[in-house]
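Have a look at the structure below before the remarks.
Only the coordinates and a few stated rules stand behind these numbers; no lab work does. Being a predicted model, the structure only gives us computed values, none of them experimental. Glycine also receives a Cβ, built like all others from the backbone with ideal geometry; neighbour counts cover every protein chain displayed.
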Amino acid sequence: MPTREQQRSATRARILDAATRLLVERGYAGWSTLAVQHAAGLSRGALLHHFPTIDSLTAALVQHLVELNEHAARQAAESPGASADPIERTLSALLDTMTRPAAQAEQELWAAARTDPALASVLRESERRAGRDLHRVIDTLFGPELTAHPRYPAIRDLTIAMLRGVAAAHPLRTSDHAETRTLDYWADTIRTLIDADTGPG
């Protein structure tokens, strides 16, 4: 028989899974504590016991999405078809992750925050932690040789900004050709930035 703590953890996971599914399927406009409660098949009291406010649920949801995205990135990088080149492998894994439903749902929260000050306030703190987690994952994927390079912090930040832009346009794409070409250009640019410090002095 599950312990009380196990039951509590299972219920919390059930709520977050339902919240994620709703955000993916309906978007932020169709996302609310009442909708999450119904999707999770729980009473109002059970939901409020775990997440007494919409802010606490939103913050937990962001962390849940981050964990899903981190797992997806590692899976993509370790897949049998992944490139042997660490730069190409990392860029491909990150774009694959950022175009999956969980990452697209997180982007939808950012977009909604533009006109929702309360949501923006919650996201600022949650995304600080999420940003640190993202840096850690990207550092691991790129590997120690690249992360030791003096230009690496700029490369990492530009990689994140570039890939988020590409991922934001993904739902409008009819093929992956443009995305693949962009990744190839950026991989070449990274190599140029690295080689600039190793050429003739």
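Would you mind estimating how fast the stretch 1-52 diffuses translationally, via Stokes-Einstein at 20 °C and 1.002 mPa s with the Kirkwood radius over Cα pairs, in µm²/s?
Value of D from the Cα-based Kirkwood radius: 191 µm²/s.
Enumerate the calculated ³J(HN,Hα) couplings along the stretch 45-61 in order (Karplus 6.51 cos²θ - 1.76 cosθ + 1.60, θ = phi - 60°), each rounded to whole Hz, writing x wherever the residue is Gly or Pro.
Per-residue couplings from phi come out as x, 5, 5, 5, 5, 8, 9, x, 9, 5, 5, 5, 5, 5, 4, 5, 5 Hz.
ARG136 versus ASP85, label points 7 Å from Cα toward the beta carbon: distance in nm?
3.0
Convert each backbone phi in the stretch 96-112 into a coupling constant with the Karplus relation 6.51 cos²θ - 1.76 cosθ + 1.60 (shift: θ = phi - 60°), then list the ³J(HN,Hα) values in order as whole Hz, x for Gly and Pro.
In residue order, the calculated couplings are 4, 5, 6, 9, 7, x, 5, 6, 5, 5, 5, 5, 5, 4, 4, 5, 5 Hz.
Treating only the Cβ atoms of Lys and Arg (+1) and Asp and Glu (-1) as charged, compute the dipole magnitude of the chain about its Cα centre; round to the nearest 20 debye.
800
Show me, for the stretch 182-191, the HN-Hα J-couplings you get by feeding each phi into the Karplus relation (A = 6.51, B = -1.76, C = 1.60, θ = phi - 60°), rounded to Hz, glycine and proline as x.
Along the stretch 182-191, the couplings run 4, 4, 5, 4, 5, 4, 5, 5, 4, 4 Hz.
Please list log₁₀ I(q)/I(0) at q = 0.23, 0.25 Å⁻¹ for the stretch 71-163, using the Debye equation with identical point scatterers on the alpha-carbon positions.
Those come out to -1.22, -1.34, one per q.
How much mean residue ellipticity at 222 nm does the chain get from its helices, if each DSSP H run of length 4 or more adds -39500 (n - 2.57) and you divide by all residues, to the nearest 500 deg cm²/dmol?
Dividing the helical sum by the residues of the chain leaves -25500 deg cm²/dmol.
Out of (i) 36, 18, 16; (ii) 25, 20, 15; (iii) 29, 21, 17, which label holds the value of semi-axes √(5λ) of the Cα gyration tensor in Å that was computed here?
The value matching this structure is (i).
About the Cα centre of the stretch 46-114, how large is the charge dipole given +1 on each Lys and Arg Cβ and -1 on each Asp and Glu Cβ? Please answer in debye to the nearest 20.
Dipole about the Cα centre, nearest 20: 100 debye.
Order of ARG156, ARG181, ARG4 from fewest to most other C-beta atoms within 10 Å?
Ordered by Cβ neighbours within 10 Å, fewest first: ARG4, ARG181, ARG156.
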